[in-house]
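To start, the structure itself, in structure tokens.
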Amino acid sequence: MTRPDTTATTAAQRLPAELAHATELERLAAADRGPRPEGWRLSPAMVRTFILGGEVSGEPVARKIFGNDDVVERAIVTLVGQRGLMLVGEPGTAKSLLSELLAAAICGDSTLTVQGSAGVVEEHIRYGWNYALLLRSGPGPDALVPGPLHRAMSRGALLRFEEITRCPTEVQDNLIPILSERLLHVPEMKESEGACLLARPGFNVIATANLKDRGVNDMSSALKRRFNFETMRPLARLQDQKELLLREVNRQLDEQGVATRLPADVAQLLAAAFHELRAGSVEGTAIEPPSTALSTAEAISVAFSAAVQCHYFGEPELRPRHLSRFMLGTVIKDDEQDARRLRDYLRVVRRVRAGSAEWMDFADSQGD
């Protein structure tokens, strides 16, 4: 199996999950005694442990997805069968992360990916041709350039199709015969040279779709019938949001060599602020929520940026006032009225939490 080059991983900005968690995956595989579907590297139970955390051989396994535990279990069960898995949800609900972790644990390669966009054409998914070899020798195995789908089927691996609704419907529908018949026709080639590629055991498709993009390129009913749909929900518990903020922000800061840390109390405040903005309520006082999807991923970005500012511009520690400086760019994306909505939220915070020095530090830093 072809994997990303590991010789230069120390210089990589981000490692795929199978490399970032390579040691842990090896430990899980060594301890795995559960039944494995054909083509899988880990048993379904161990895949669940890899993603949701636990303990194996007396050593802890870190949780990588917070919340949505039932969705994770059903997603694993779906991939055992021969129906595709469709992960849908609001932006920032870890759809892509779950897709990557599933691929890393099940087949050891999360890089067989199609990134959906208006520019994706059939050749980007299935296969293309080396035209120099095509003109010299005609269509054959040497001239064929496998796409992610072709490689996934031939290896018995998982194909990840990100933001599938960003692609035109006719491009999406390339998956219908694949998911139905588990074979890929290459009509340009002779039968003896591989005109019909049969999917090896372990092959399946994980697609993701953003609920905010619903209606951009609606999926056909025929394609929908070939997927099991699972909806990823935003984190409901503030404690989960706080833990995720602390872990991810401080991990990113470590990777960047930034000494500033995100304190637990500041993480708690930021999680509460995002929760209140999404909910449109501050301690029973109604506010108009912004139109932007305020995900945990956005909160991580705010805290990381604030910490980087402190590190490089001489601030001794990260405090709430640093967070709100980056809130405006996060809240305002498409609707200019979101600036007013954020100011209204801060005014309510000043009124109902006048006795909290931390919340005043957060709310007053932007002023009116």
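Below is a table of values for the structure above.
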| quantity | calculated |
| --- | --- |
| Selection status of residue 165, buried (at least 20 other Cβ atoms within 10 Å of the Cβ), more than 21 Å from residue 82 (Cβ to Cβ) and at pLDDT below 95 | yes |
| Selected residue (only one of 63, 83 is surrounded by fewer than 24 Cβ atoms within 10 Å (Cβ to Cβ), at pLDDT below 95 and under 27 Å from residue 293 (Cα atoms)) | 63 |
| Complete set of residues in the stretch 134-150 that are free of Cβ contacts under 8 Å to residues at least 40 places away in the same chain, in a helix (DSSP H, G or I), out of contact with any Leu (no Cβ under 6 Å at 6 or more places or on another chain) and surrounded by 16 or more Cβ atoms within 10 Å (Cβ to Cβ) | 134 |
| Search result, residues across the stretch 236-275 that are charged (D, E, K, R) and either in a helix (DSSP H, G or I) or crowded, with 19+ Cβ neighbours inside 10 Å (or both) | 240, 242, 243, 247, 248, 251, 254, 255, 265 |
| Residues of the stretch 266-311 satisfying the condition of being of a type in the set (D, E, K, R) and touching a strand residue (DSSP E or B) at 6+ places or on another chain (Cβ under 7 Å) | 276 |
| Sole residue being free of Cβ contacts under 8 Å to residues at least 60 places away in the same chain, in contact with a strand residue (DSSP E or B) (Cβ under 6 Å, 6 or more places away or on another chain) and not assigned by TED's automatic domain parsing to the domain that holds residue 360, chosen from 183, 223 | 183 |
| Unmet criterion (only one of (1) in the same structural domain as residue 327 (by TED's automatic domain parsing); (2) within 30 Å of residue 114 (Cα to Cα); (3) hydrophobic (A, V, I, L, M, F, W, C)) for residue 273 | (2) |
| Search result, residues across the stretch 11-23 that are touching a residue at least 60 places away in the same chain (Cβ under 8 Å) and in a loop (DSSP other than H, G, I, E, B) | 16, 21 |
| For residue 287: the one exception among (1) over 25 Å from residue 211 (Cα atoms); (2) touching a Ser or Thr at 6+ places or on another chain (Cβ under 7 Å); (3) in contact (Cβ under 8 Å) with a residue 40 or more places away in the chain | (1) |
| Residue identified as over 15 Å from residue 274 (Cα atoms), at pLDDT 90 or above and either in the same structural domain as residue 267 (by TED's automatic domain parsing) or not β-branched (Val, Ile, Thr) (or both) among 351, 340 | 351 |
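The values are calculated or read from the model by the stated rules, or taken from the named source; none is laboratory data. Quick caveat: nothing in here was measured; it's all calculated off a predicted structure. Cβ coordinates were reconstructed from backbone atoms using ideal geometry, including for glycine residues, and neighbour counts include every protein chain displayed.
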